[in-house]
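Just below is one structure, and these are the notes that go with it.
The values are calculated or read from the model by the stated rules, or taken from the named source; none is laboratory data. The shown structure was predicted, so the numbers you read here are calculated from the model rather than taken from an experiment. Here the Cβ positions follow ideal geometry from the backbone for every residue, glycine too, while neighbour counts run over all protein chains shown.
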Amino acid sequence: MLSAMHPKIAVYALLSVALLLTSACPCRAQERAAMTFDRFPVEIYRGHLKMPREFHRSSGGLWQDESGKPASQPRVNFAGEYYLAVHSCGTCCRYYTLNNLHTGVEVSEVRMFDAAEPSPVTRDGRSYVPVLIFQPGSKLLIVQYALDLCTAADKHECRERYFIFEKGHFRVISRTFRSCAHERENPE
């Protein structure tokens with residue numbers, strides 16, 4: 001079809017198609033660059049905190065979870081009024097709890113990011129451990145999937161996906177990227 005066209009028109013047609021295709025699909029780098037914590041801000045609750053029942057102080061004054069394992073003192077660390085905590089249940093086994101410190105309500109949907117023993121596997125059969133990255137003043141949740149972390153693999157890889165937490169639910173807002181761009185900021 002292009003050979004029958006005038007050469008100048010054919011070049012313009014090809015350039016138009018190329019421009020249309022590149023503008024219709026955002027570049028992967030641009031898509032990921034738009035996923036910043038400050039793009040999804042929330043106001044941080046500063047009132048009386050309702051402590052989650054699975055956390056308590058030991059006789060020595062240290063915070064513990066329901067299993068008696070050391071824990072951080074519950075504080076707003078996610079989405080303006082939530083305490084998102086990671087709990088260990090063994091090697092490469094972790095689970096998460098999410099508590100609204102304003103209302104006292106626990107959000108069980110966070111269990112979708114749990115990794116029990118044996119570790120969950122990706123569609124391509126690789127085991128993974130999810131690592132959650134979050135901030136107090138943002139409803140953005142970055143989930144990093146550390147691949148083959150608990151196997152004898154020579155090279156461990158990371159995949160990353162972005163979620164928004166709204167009205168008590170996590171909503172995925174990106175595809176799964178084949179690498180991780182964010183540093184792990186949450187030591188919990």
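Of the residues making up region 65-105, those that are more than 22 Å from Phe40 (Cα to Cα) and among the charged types (D, E, K, R) are Asp65, Glu66, Lys69, Arg94.
For residues that are touching a Leu at 6+ places or on another chain (Cβ under 9 Å) and not β-branched (Val, Ile, Thr), scanning just region 125-153, find the one that is surrounded by the most Cβ atoms within 10 Å (Cβ to Cβ). So, considering only residues that are touching a Leu at 6+ places or on another chain (Cβ under 9 Å) and not β-branched (Val, Ile, Thr), the one surrounded by the most Cβ atoms within 10 Å (Cβ to Cβ) is Leu141.
Taking into account only those residues within region 161-175 that are buried (at least 20 other Cβ atoms within 10 Å of the Cβ) and in contact (Cβ under 8 Å) with a residue 60 or more places away in the chain, which is farthest from the chain's Cα centre (by Cα)? The selected residue is Phe165.
Looking only at region 106-118, residues that are surrounded by fewer than 21 Cβ atoms within 10 Å (Cβ to Cβ) and free of Cβ contacts under 8 Å to residues at least 40 places away in the same chain come to 6 in all. In this structure, Thr97 does not satisfy being loosely packed, with under 14 Cβ neighbours inside 10 Å, of a type in the set (S, T, N, Q) and without any contact (Cβ under 8 Å) to a residue 60 or more places away in the chain.
Sub-7 Å Cβ pairs linking a first residue in region 42-55 that is closer than 8 Å to His102 by Cβ to a second residue that is among the charged types (D, E, K, R), at least 6 apart or interchain, are Tyr45/Glu81, ordered by first then second residue. Within the option set Ala71, Ala10, Ala33, Ala79, being surrounded by 11 or more Cβ atoms within 10 Å (Cβ to Cβ) and at pLDDT 95 or above holds for one residue only, Ala79. Applying the criterion of at least 1 residues that are in contact with a Phe, Trp or Tyr (Cβ under 8 Å, 6 or more places away or on another chain) and of a type in the set (Gly, Ala, Ser) to the strands (runs of 3 or more DSSP E) found wholly in region 124-185 leaves 140-147. Among all positions in region 47-58, there is no residue which is assigned to a loop (DSSP other than H, G, I, E, B) and in contact with a His (Cβ under 6 Å, 6 or more places away or on another chain). Count of region 73-92 residues, restricted to those that are out of contact with any helix residue (DSSP H, G or I) (no Cβ under 8 Å at 6 or more places or on another chain) and part of a strand (DSSP E or B), is 9.
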